[in-house]
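Heads up: the structure comes next, in structure tokens.
The values are calculated or read from the model by the stated rules, or taken from the named source; none is laboratory data. Note that the structure is predicted; figures quoted are calculated from it, not measured. Glycine gets a Cβ as well: all are built from the backbone with ideal geometry, and neighbour counts include every protein chain shown. Accessible surface areas use protein heavy atoms only, side chains included; no ligands, DNA or RNA. Shrake-Rupley method; radii C 1.70, N 1.55, O 1.52, S 1.80 Å.
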Amino acid sequence: MREMDGGMATGGQHTLAEISSQPEAWADALQAFSAREADLKRAWTALNPGQVAFVGCGSTYYLSLSAAWLFQGLTGVPARAYPSSEIVLFQSQVVTRPEHTLLVTISRSGTTTETLLAVDRFRRLGGRAVWSITCYPDSPLAKAASLVLPAEGGQEQSVAQTRSFASMLVLAQAMAAALGGQEISPLKNLPDLGAKLLEETEPIAQELGSDPGVDSFCFLGSGPQYGIANEAMLKMKEMSLSSSEAFHFFEFRHGPKSMVNGRALVVGLLSQPVHTHEEQVLDEMAALGAHTLALAPLTETDGGRCRIQLPCYLPPWATPVLYLPPLQLLAYYRAVGKGLDPDRPRNLDQVVFLDESGFSEG
Ligand code: F1P
């Protein structure tokens, strides 16, 4: 593996090992979900909430974006994602009808101050129903919940979330599908498909990640893929200190595309039902000189663009997690190509702890 300046890259052992081992973590999460599916459905029926609020921070806020989109789309119950801090800072302006709301916290560590405070403020507002998706089922956030979906196999040493994010996303996908009346058996294919994707996409991820001709990244996603595009943006920042942004596909035309040039890589996370519209955006960015890459869960193959083929026979609600392996590898190889150690991203810690006394109690 060569750095862009020709040196030998080092570091990132934990990160690469955790990215590479994530299919086992996905299988672990699916087993944990199956063991809890009946209880989940009973609890959902008993609660019968009018709306669902998903909350998290950083990566887990982006996971909440995908989870909320899937949940509303499959159950028909209004669902939104909030950064935990929005509930802590604005409380009743954010959480309307708390007594009719299910709050779902998403947290790798289960100890992030903002998310713990969000639960506290939700309860002070009259909210009762709290569920938790976390890698640590004995954590404070898990203990604050009446129902926990654990992804213990997602526990990791690296600061930047990889297998933790993906295994919690598998749980969120399973939850949305099960409560939306779907048969979740298609999810059982994910671990094998993930392992195949890791093997197949590593060469292109290493090639694009190490390309010295690229110095900015834009990740575009629609629907549940918008949350994944944000996670890819954050991985690229955290691991490789590169300029990276995330947008809805069509939003990119409304101003941000002004930044497109010949040193930009625009990565499109195509969604099956709307991919022709999305490919049009990528065509326009290529015409502006950008490098483009399409992650495509499609049967059609367009000879004109660099593409990563994703499985195209799963239902759209089963697919979001499959975008992650190539995107995580892209950030990883960009980091080591720059001689950085993705295991130790600059300025970051695994968990953000705050002094709770700094927050008013509502
Ligand atoms: C949330 C978080 C991550 C971020 C970084 C620090 O942690 O902010 O999203 O990427 O790793 O912690 P958690 O609540 O998911 O444990």
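Do you know which of the residues in the stretch 29-60 that are within 18 Å of Tyr136 (Cβ to Cβ) and free of Cβ contacts under 8 Å to residues at least 40 places away in the same chain is nearest to the chain's Cα centre (by Cα)? Residue satisfying both the conditions and the ranking: Gln31.
When residues in the stretch 139-160 are screened for being among the β-branched types (Val, Ile, Thr) and away from the ligand (no atom under 14 Å from the Cβ), 1 of them pass.
Only one of the listed residues (Leu187, Leu193, Leu197) is in contact (Cβ under 8 Å) with a residue 60 or more places away in the chain, open to solvent by 20 Å² or more (accessible area, probe 1.4 Å) and not β-branched (Val, Ile, Thr). That residue is Leu193.
Exactly one residue out of Ser107, Ser85, Ser92 is more than 25 Å from the chain's Cα centre (by Cα) and not aliphatic (A, V, I, L, M), and it is Ser92.
Any chance the stretch 50-61 includes a residue that's more than 16 Å from the ligand (Cβ to nearest atom), part of a helix (DSSP H, G or I) and in contact with a Phe, Trp or Tyr (Cβ under 8 Å, 6 or more places away or on another chain)? No: the stretch 50-61 contains no residue that is more than 16 Å from the ligand (Cβ to nearest atom), part of a helix (DSSP H, G or I) and in contact with a Phe, Trp or Tyr (Cβ under 8 Å, 6 or more places away or on another chain). One residue stands out among those in the stretch 330-362 that are surrounded by fewer than 17 Cβ atoms within 10 Å (Cβ to Cβ) and outside any loop (DSSP other than H, G, I, E, B): the one that is modelled with the lowest pLDDT, which is Gly358. Can we say Leu324 is closer than 21 Å to Gly209 by Cα, open to solvent by less than 10 Å² (accessible area, probe 1.4 Å) and within 16 Å of the ligand (Cβ to nearest atom)? Spelling it out, Leu324 is indeed closer than 21 Å to Gly209 by Cα, open to solvent by less than 10 Å² (accessible area, probe 1.4 Å) and within 16 Å of the ligand (Cβ to nearest atom). Among the candidates Thr299, Thr319, Thr292, the residue that is under 23 Å from Leu169 (Cα atoms) and more than 16 Å from the ligand (Cβ to nearest atom) is uniquely Thr319. Scanning the stretch 81-120 for residues that are of a type in the set (D, E, K, R) and either within 13 Å of the ligand (Cβ to nearest atom) or buried (at least 24 other Cβ atoms within 10 Å of the Cβ) (or both) yields Arg108, Glu114.
Of Ile106, Ile133, all but one fail to be touching a Phe, Trp or Tyr at 6+ places or on another chain (Cβ under 7 Å) and modelled with pLDDT of 95 or more; the exception is Ile106.
Among residues of the stretch 133-159 that are closer than 17 Å to Ala17 by Cβ and assigned to a loop (DSSP other than H, G, I, E, B), those with a Cβ under 7 angstrom from a residue that is open to solvent by less than 30 Å² (accessible area, probe 1.4 Å) and basic (Lys, Arg), sequence gap 6+ or separate chain, pair up as Cys135/Arg108. Among the residues of the stretch 230-262, just one is farther than 27 Å from Gly58 by Cα and open to solvent by 60 Å² or more (accessible area, probe 1.4 Å), namely Asn261. Any residue that is over 18 Å from Ser66 (Cβ atoms), of a type in the set (Asp, Glu) and open to solvent by 10 Å² or more (accessible area, probe 1.4 Å) - is there at least one of those in the stretch 263-282? Checking the stretch 263-282: at least one residue is over 18 Å from Ser66 (Cβ atoms), of a type in the set (Asp, Glu) and open to solvent by 10 Å² or more (accessible area, probe 1.4 Å).
Within the stretch 246-266, residues that are within 12 Å of Leu282 (Cα to Cα) sit with their Cβ atoms under 9 Å from residues that are open to solvent by 90 Å² or more (accessible area, probe 1.4 Å) and outside any loop (DSSP other than H, G, I, E, B), at 6+ positions apart or across chains, in these pairs: Phe249/His277; Phe250/His277.
When the residues of the stretch 251-268 are filtered to those that are more than 12 Å from Leu220 (Cβ to Cβ) and assigned to a helix (DSSP H, G or I), which remaining residue is farthest from the chain's Cα centre (by Cα)? Restricting to residues being more than 12 Å from Leu220 (Cβ to Cβ) and assigned to a helix (DSSP H, G or I), the top hit is Ser258.
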